[in-house]
Amino acid sequence: MDYNKQIDEKWQNFWDKEGIFNTDTKDTKNKYYCLVMFPYPSAALHVGHARNYVIGDAVSRYKRTKGLNVLSPMGFDAFGLPAENAAIKGGLHPKTSTLDNIATMKQQLTQWGIGYDWNREVISCLPEYYKWTQWIFTKLYEKGLAYKKRAAVNWCPKCLTVLANEQVINGACERCESKVIERDLSQWFFKITAYAQTLLDDIQELTHWPERVKTMQINWIGRSTGVNIDFKVDDEETILACYTTRVDTIFGVTYMVLAPEHPAIPGLIKNNPDACIIQAFIEKVRIQDKTERAAENIEKEGIFSGRYVINPVNGKKVPLWIANYVLMEYGTGAVMAVPAHDSRDFAFAKKYGLDIEVVIDNPKERLDALSMQTAYIEDGVMVNSAQFDGLGNREAMEKIADWMQEKKIGKRAVHFRLRDWLISRQRYWGAPIPIIYCDKCGEVAVAEKDLPVLLPENVAFKPTGQSPLKDSEAFIKTRCPKCGKEAQRETDTMDTFVDSSWYFLRYISPKETEKPFDGHLVDKWLPVDQYIGGVEHAILHLLYSRFITKVLYDLKYVSFKEPFGALFTQGMIVKNGAKMSKSKGNTVAPDYIIDKYGADVMRLYILFMGPPEKDAEWQDEGLQGSARFIQRALRMVDMLKEYRQSSETGELNSHEKDLVRKIHSTIKEVTLDLEGDFQFNTAISRIMELVNQTYKCLNETSLRQSIFKEAVDTVFLLLSPFTPHISEEVNEALGNKGSILKRAWPRFNEEYIKTDTVEIAVLVNGKVRDKLIINVNWSKEEIQKKALACEKVKNFLKNTPPKKIIYVDKRMVNIVV
RNA sequence: GCGGACGUGGCGGAAUUGGCAGACGCGCAUGGCUUAGGACCAUGUCUCGUAAGAGAUGGGAGUUCAACUCUCCCCGUCCGCACCA
C-alpha cells in the first residue's frame, strides 16, 4: 500500500459526506468542548500555524474514539488591523480580501485533514456576529462598565490609532513596532479594573492552566497592598495623597515627589517666581516619548517646586519636588521619598543633595546616612521612628498601618497595575461602537432592536488618524433613540479583541438571531474543556475573555465564571533559531509538504518533533523520517494480506508472547501519554517501537496471522489521531466498515502485560556490573543470592561479605561492599 | 531588579518521578540488495581505552546504598513585567 494524495482526498471527502465532525449541541451527554484559538484571516498559514490545528485535531480525534461527544468548531477573527492592512496592500476592500483569505485557509485546513464542524463557523466581521458584539457593548454600557473619558492614551503614529495598554510592548506598537506616543484624547474604555480582584482571585481556580500564563496574568494585574497617606501642603489647604507599600519607612521621609503630569502642580506653582522654569521642565519631560522615559538607566531629573509638605506622623516639614521618575499612571502620582531605603530615591537624593535619614538599621552592621553607598532595602530593626523603635520592620509595618488608621492619618489601600481597557479605534475595519450623540439627551446607547449598527461599505477606509466613518454622512446622521431629534453616531470602531472575547459562546448556537447565544446550552457546554493556542495571547485575549465572561456572569447571562477550564499553549516552530516570519524569509509552507509527502507525514512530523508546549526547530530531514515510518508501517499491511503462516492453535512461542505483551503495553502507554499532558512525541515513539518489534518477529519466527493482524490493527488505531488518512485506509483494508473514528480506542489487558521473567541490573556500589534474568515469583532472598553469585560481583566482593544489599522490585539489586 | 521556564550525544529529544542515562527519530559508518539511488534491508554509533575498566546529564559542593531527578552556591539561555512608590 502506498500513501498518496488520493488517500488524503478520499477520506476528507468521506468525513465531509458523512458529517463525521458535525456535533449536535443539544446532546450534552459526555460533552467535550475542544477549542483552538480562531485565526486572523490575513496571510497564508505556515507550519507554525499548522502545529496549533494539528494538536487540536489530535486531541479532538482521540476524545472522539474514547466515545466523547466532541465539539470542535472553527471560525475567523476577521476584523481588525491585520486584515485591514492586508486589504490596503492588496488594493482590495477588507471585506473582499478577508473573505478570500478565509476561503483559502479553510481549504488549507481541510487539506491537512483537520476535522471541524463547519456548520458552526463564526466570522466576526459579518453583521450577524458583530450585532452581538455591539449588544455586549450596550450591556456593559448599561452597567456603567463602558464609558468615555478624556485621558492620556497610547497612540501609534504608523497605524494611526490608539492602542490598549496591553497592545504596547516595550513602548512600541504590538503590530508595527513603531514607538507609541502619548496623546490626550477622548476615548471609550471598558472598566476591567472593576474586576481586577476577581480576575486575580479566580486564577487560583485555573488548575489546568500553564503556570507561566497564570504568572503573567498575576503580574499584569499587579496587585499591591500598602497605605494611602495624605500629606498637607505647608501654609495651604491643599492635600496631596500618596501611596506606599513601605509604610515602615514613613519616619524616614525627607522629601516628596510629584509626577510632572500631577493635576495639583499648576495651583502649587502659580505664585512661584520660578514658575516658568518649572513649567519648562514639565514640558520637557512630557514630550519625551514613553519608551525613552521608561528606558532602563534614564537619568533621574527633577526640580524643586518651592513648596513644602508636612509628614503627618511627625509633623516634619519636607520639600516637595517634581521629577521624571514618578509616573502619573500608578498609585496617586505622588511618592513619599525615603532615600535611605529606596534605591531610586537614594540616587535622586544624592544627585540633588537632599537629606537621607536611616529608619531601618542593618542588624549586622550599623548604617550611617552620610557614608551609605546604596539604599538599604533589606529587613532590619526600626530606629528614629518614635514608639516603633526596636521592632522588626515587618512587624512595624503592620503596627504603623494600624496606628495611622486609628489616628486617621492613613488608610490601608490596595492598588492594581491593571488599567481600564481602551476599546475605541480610529480605524475602519471593526464593529462600530453603538452609541448616538444627541444635543439634548447626550450620549445614548443604540437599542437592541436597532442593532446591528452596520459598518458602511462604501467609504474611503484608508487610515488618516481619524475614523474613516467620519466622512460618511449617511452613517453619521441618525435620530436620537430617546427624543427622535437629529443626532450623530459615534464613529470609532471597537478593538478586535472585543470580537474575540466572546466567540467561544457563539459556537454553541451560531445561527441564533434573537440572542447572542442560547444561554441554556452554553451553560451545559462551557467552560471549554480544552483550549489550545499560542502563548502570545497569555494576557490580551485570555484576560479580556475572562473579563467579559465575568460580566456576563454578573448579568446572569451565563452561570460560569471562567470560560476556559484547561488551557494548553503550544510552543513555536522556529527555523534557523528564529521565529518563522515572512520578513525573515524563514517560513516553511505546508502546501509544498502536502504535495510532496501528504498530510499525514506533515502531521506526524509536527507531533513527533518534540513536546508540543516547547519551541521546536524545524528540520526538513525530519519529514523524511516520518514518511519512512509511514511507508514501513503500511508495508506491514501488504505483508499481512499475503501472509499464510503457521497454525493458529497451540501454545504461543516466546516471540509471539512478547509481541502480544508489546501490543498491550503500547496501548497502555500511548493512552497514558495522551491522557497526560499531550505527550504526542513519546506516544508516537512507542508506536514506532511496536512496528519495529513486529518486523523483528516476522524476521525471526513464525508468527501466527491473528497476532500479526492485531499488531497492524493496533498500530493504525493508535496512530489515527495523528495520521487519520492512512489509518482510515488501513482500517478499510482490514475489512472494517465506516470511519475508524466510530471504532473504540483499543483497550489493553493488564494480564497480557505481565511477565514471568524480567531482566534486572546488578549493581555494585551503585554501578551496573551485570544483568540478571529473574523469575518474578522468586523471593527477594533468592534474587539476592543469584546476584551475589554473578562472576563480576564475586570479583568485587573478594570473599568479604557485602555491607548491605538493596533490592528494588523488578529493577535492580545494589550490592554495597 | 522581580517573577517564570530551562540547560542531557553531531542534532530533535527519552528516562515509569530518587532506581540500568541516551528510548524513538534524524544524521553518520559498515555490509547487503540494486543499472542506479537521496529507495529498501541488516548491523553499529556518548567519550577515553586493545581489553579489564574508567569517566559523562552547564560548573561546584551536599544528602543518599543510589541523583538528569532532591538541597545549597555559581555560570548560561529563553520568556514576561519593570523608575509600580
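The values are calculated or read from the model by the stated rules, or taken from the named source; none is laboratory data. All of these numbers come straight from a predicted model, not from anything done at the bench. A quick note on method: Cβ atoms are made from the backbone with ideal geometry, for glycine too, and the neighbour counts reach across all protein chains shown.
Regarding A:Asp595, is this residue part of a helix (DSSP H, G or I), in contact (Cβ under 8 Å) with a residue 40 or more places away in the chain and either within 10 Å of RNA strand B (Cβ to nearest atom) or farther than 23 Å from A:Asp77 by Cβ (or both)?
yes
Condition first: part of a helix (DSSP H, G or I) and not small (Gly, Ala, Ser). Now tell me which residues in the range A:332-352 satisfy that.
Hits for the range A:332-352 are A:Pro339, A:His341, A:Arg344, A:Asp345, A:Phe346, A:Phe348, A:Lys350, A:Lys351, A:Tyr352.
Could you check the range A:325-341 and list, in sequence order, the residues that are within 7 Å of RNA strand B (Cβ to nearest atom), over 13 Å from A:Asn311 (Cα atoms), crowded, with 19+ Cβ neighbours inside 10 Å and among the aliphatic types (A, V, I, L, M)?
A:Val326 - this is the single residue of the range A:325-341 that is within 7 Å of RNA strand B (Cβ to nearest atom), over 13 Å from A:Asn311 (Cα atoms), crowded, with 19+ Cβ neighbours inside 10 Å and among the aliphatic types (A, V, I, L, M).
Every residue, every condition in (1) within 30 Å of A:Tyr752 (Cβ to Cβ); (2) away from RNA strand B (no atom under 14 Å from the Cβ), yes or no:
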| residue | (1), (2) |
| --- | --- |
| A:Ala589 | no, yes |
| A:Leu640 | yes, yes |
| A:Glu651 | yes, yes |
| A:Val670 | yes, no |
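Only one of A:Lys290, A:Lys232 is farther than 16 Å from A:Ala323 by Cβ, in contact with an Asp or Glu (Cβ under 8 Å, 6 or more places away or on another chain) and either at pLDDT 85 or above or within 16 Å of RNA strand B (Cβ to nearest atom) (or both); which?
Within the list A:Lys290, A:Lys232, the selection yields A:Lys290.
Select from the range A:186-234 the residues that are closer than 24 Å to A:Asp554 by Cβ, of a type outside the set (A, V, I, L, M) and without any contact (Cβ under 8 Å) to a residue 24 or more places away in the chain and list them in ascending order.
A:Asp201, A:Gln204, A:Thr207, A:Lys214
Mind checking whether some residue in the range A:690-700 is within 16 Å of A:Asp713 (Cα to Cα), away from RNA strand B (no atom under 11 Å from the Cβ), surrounded by 14 or more Cβ atoms within 10 Å (Cβ to Cβ) and more than 29 Å from the chain's Cα centre (by Cα)?
There is no residue in the range A:690-700 that is within 16 Å of A:Asp713 (Cα to Cα), away from RNA strand B (no atom under 11 Å from the Cβ), surrounded by 14 or more Cβ atoms within 10 Å (Cβ to Cβ) and more than 29 Å from the chain's Cα centre (by Cα).
Select from the range A:701-726 the residues that are assigned to a helix (DSSP H, G or I), without any contact (Cβ under 8 Å) to a residue 60 or more places away in the chain and not hydrophobic (A, V, I, L, M, F, W, C) and write down the one among them that is farthest from A:Ser626 (Cα to Cα).
This residue is A:Ser706.
Looking at the range A:488-529 only, could you name the residues that are among the hydroxyl-bearing types (Ser, Thr, Tyr), under 29 Å from A:Thr207 (Cβ atoms) and part of a helix (DSSP H, G or I)?
A:Tyr503
Could you please give the count of residues in the range A:176-212 that are in a helix (DSSP H, G or I) and within 9 Å of RNA strand B (Cβ to nearest atom)?
Number of matching residues: 2.
From the list A:Thr225, A:Thr245, A:Thr254, A:Thr193, exactly one residue is more than 17 Å from A:Gly331 (Cα to Cα) and β-branched (Val, Ile, Thr). Which is it?
Testing whether each residue is more than 17 Å from A:Gly331 (Cα to Cα) and β-branched (Val, Ile, Thr) leaves just A:Thr254.
Please indicate, with yes or no, whether at least one residue in the range A:771-788 is away from RNA strand B (no atom under 12 Å from the Cβ), of a type in the set (A, V, I, L, M) and under 27 Å from A:Asn681 (Cα atoms).
No, that holds for no residue.
For the range A:751-770, which positions are polar (S, T, N, Q) and either closer than 16 Å to A:Val808 by Cβ or within 9 Å of RNA strand B (Cβ to nearest atom) (or both)?
Residue satisfying the conditions is A:Asn765 alone.
Given (1) surrounded by 14 or more Cβ atoms within 10 Å (Cβ to Cβ); (2) within 15 Å of RNA strand B (Cβ to nearest atom); (3) closer than 30 Å to A:Asn52 by Cβ; (4) in contact (Cβ under 8 Å) with a residue 24 or more places away in the chain, identify the lone condition not met by A:Lys614.
Unmet for A:Lys614, out of (1) surrounded by 14 or more Cβ atoms within 10 Å (Cβ to Cβ); (2) within 15 Å of RNA strand B (Cβ to nearest atom); (3) closer than 30 Å to A:Asn52 by Cβ; (4) in contact (Cβ under 8 Å) with a residue 24 or more places away in the chain: (1).
Does A:Met404 satisfy the condition of being away from RNA strand B (no atom under 16 Å from the Cβ), surrounded by 16 or more Cβ atoms within 10 Å (Cβ to Cβ) and in contact (Cβ under 8 Å) with a residue 60 or more places away in the chain?
no
Do we find a residue being within 14 Å of RNA strand B (Cβ to nearest atom), surrounded by 14 or more Cβ atoms within 10 Å (Cβ to Cβ) and within 27 Å of A:Tyr752 (Cβ to Cβ) anywhere in the range A:618-629?
Looking for residues that are within 14 Å of RNA strand B (Cβ to nearest atom), surrounded by 14 or more Cβ atoms within 10 Å (Cβ to Cβ) and within 27 Å of A:Tyr752 (Cβ to Cβ), one finds at least one in the range A:618-629, hence yes.
Could you give me the residue pairs with C-beta distances under 8 Å whose first residue belongs to the range A:27-52 and is at pLDDT 90 or above, whose second residue is of a type in the set (Lys, Arg) wherever it lies, and which are 6+ apart or on separate chains?
A:Thr28/A:Lys524; A:Lys31/A:Lys524; A:Tyr32/A:Lys63; A:Cys34/A:Lys63
Within the range A:792-808, how many residues turn out to be under 17 Å from A:Ile760 (Cα atoms) and either at pLDDT 85 or above or within 9 Å of RNA strand B (Cβ to nearest atom) (or both)?
5
Which of (1) assigned to a helix (DSSP H, G or I); (2) away from RNA strand B (no atom under 14 Å from the Cβ); (3) in contact (Cβ under 8 Å) with a residue 24 or more places away in the chain; (4) not aromatic (Phe, Trp, Tyr) is the odd one out, the single condition A:Arg747 does not satisfy?
If we test A:Arg747 against (1) assigned to a helix (DSSP H, G or I); (2) away from RNA strand B (no atom under 14 Å from the Cβ); (3) in contact (Cβ under 8 Å) with a residue 24 or more places away in the chain; (4) not aromatic (Phe, Trp, Tyr), just (1) comes out false.
For the range A:1-58, how many residues are under 28 Å from A:Leu81 (Cα atoms), aromatic (Phe, Trp, Tyr) and outside any loop (DSSP other than H, G, I, E, B)?
Going through the range A:1-58 one residue at a time, the tally reaches 1.
Working only within the range A:581-602, note down all residues that are touching a Pro at 6+ places or on another chain (Cβ under 8 Å) and not hydrophobic (A, V, I, L, M, F, W, C).
Across the range A:581-602, the qualifying residue is only A:Asp600.
Would you be able to tell me the number of residues in the range A:373-390 that are over 20 Å from A:Lys316 (Cβ atoms) and in a loop (DSSP other than H, G, I, E, B)?
Summing the residues that are over 20 Å from A:Lys316 (Cβ atoms) and in a loop (DSSP other than H, G, I, E, B) in the range A:373-390 gives 8.
When you go through (1) more than 29 Å from A:His537 (Cα to Cα); (2) surrounded by fewer than 21 Cβ atoms within 10 Å (Cβ to Cβ); (3) at pLDDT 90 or above one by one for A:Leu454, which number turns out not to apply?
Condition (1) is where A:Leu454 drops out.
Check A:Ala460, A:Ala474 and return the single one that is among the aliphatic types (A, V, I, L, M), assigned to a loop (DSSP other than H, G, I, E, B) and surrounded by fewer than 16 Cβ atoms within 10 Å (Cβ to Cβ).
Result: A:Ala460 is the single residue among A:Ala460, A:Ala474 that is among the aliphatic types (A, V, I, L, M), assigned to a loop (DSSP other than H, G, I, E, B) and surrounded by fewer than 16 Cβ atoms within 10 Å (Cβ to Cβ).
Please go through the range A:331-377 and give me each residue that is free of Cβ contacts under 8 Å to residues at least 60 places away in the same chain, closer than 21 Å to A:Leu258 by Cα and in contact with a Ser or Thr (Cβ under 7 Å, 6 or more places away or on another chain), ordered by number.
Across the range A:331-377, the qualifying residues are A:Ser343, A:Phe346, A:Ala375.
For the range A:763-784, which positions are within 25 Å of A:Ser665 (Cα to Cα), part of a strand (DSSP E or B) and not polar (S, T, N, Q)?
A:Lys771, A:Leu772, A:Ile773, A:Ile774
Quick one: A:Val381 ticks every box in (1) in contact with a Gly (Cβ under 9 Å, 6 or more places away or on another chain); (2) within 16 Å of RNA strand B (Cβ to nearest atom) bar one, so which box is it?
Condition (2) is where A:Val381 drops out.
Need pairs with beta-carbon distance below 9 Å; first residue within 16 Å of RNA strand B (Cβ to nearest atom) and within the range A:525-536, second of a type in the set (Asp, Glu); sequence gap 6+ or separate chains.
Once the first residue is within 16 Å of RNA strand B (Cβ to nearest atom) and sits in the range A:525-536, its partners that are of a type in the set (Asp, Glu) give A:Val535/A:Glu613.
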